[in-house]
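What follows draws every value from the coordinates through simple rules; no lab data is involved. Just so we're clear, the structure is a prediction, and the values are computed from it rather than from any experiment. Positions of Cβ are generated from backbone atoms using ideal geometry, with glycine treated the same way; all protein chains shown enter the neighbour counts.
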Amino acid sequence: MILKTARVPFKVVSVNINEDILKKQGLDKKLTPRQIASSLSRQKARVVSEKAPGQYVLGGDQILVCQGKMFDKPRDMAAAKETLIKLRGRTHTLISAACIFLDGEQVLEIVEEAHLTMEDFSDDFLENYLIRTGEKILASVGAYQLEAEGAELFTKIEGDFFTILGLPLNPVLKFLRQQGIIKGD
């Protein structure tokens, strides 16, 4: 949606990598969450780039960290509730990484962070929020969509909006303009 809104021509290509295994390997190597997000975005772009000669390939990943713990997208509404309970009243970091490859070679890497402080909301508020938002929040690592009803969950937000949504868009757009893929006018 971010690229579409920005009028960037693209084609979605699914990549078959096991993110859970790659995250575990990164943790075993004592990589930081920032390095893991970068590595995941790089691997996604590399795999597709090797099969798309002459094409710029963008890979991205986002990791949420709160109190030293990395979070994954919730698998169901019970997991979403658990995530929100762990985040409420605390500040967490969203790390968004983007990597662009051309012909199997990395030509750009960007990693940006945003810091979000969540309201210390009541259990009743949480239950109502989960009912109102439904399963669409399962697509978000933090079980919220800042661009929608999730905005009411926060007391403080520091960082780029697009980084929070999952893609450090402005540096990507700058690169695409420099390459002539999109026009600057």
Enter the angle in degrees (range 0 to 90, nearest 10) between the Cα long axis of helix 123-133 and the first principal axis of the Cα atoms of the chain, meaning the one along which they spread out most.
40
Counting other Cβ atoms within 10 Å of each Cβ, which trypsin sites (Lys or Arg not before Pro) in the stretch 1-108 have at most 12 and sit in a DSSP loop?
Arg7, Lys11, Lys29, Lys30, Lys51, Arg75, Arg90
The computed P(r) of the stretch 74-185 puts the percent of Cα pairs beyond 18 Å at 56
Inter-site label distance for Glu152 and Glu119 at 7 Å from Cα along Cβ, in nm
0.7
I'd like the orientation of helix 33-49 relative to the chain: the angle between its Cα long axis and the longest Cα principal axis, in ° from 0 to 90, rounded to 10.
40
Charge context of Arg42, other residues only, Cβ under 10 angstrom, K/R +1, D/E -1
0
Given the C-alpha centroids of the stretch 118-185 and the stretch 53-93, what is the distance between them in whole angstrom?
11
For the Cα atoms of the chain, what angle does the longest principal axis make with the long axis of helix 169-178, in degrees from 0 to 90, nearest 10?
10
Relative contact order %, the chain, counting alpha carbon pairs below 8 Å whose residues are six or more apart:
22
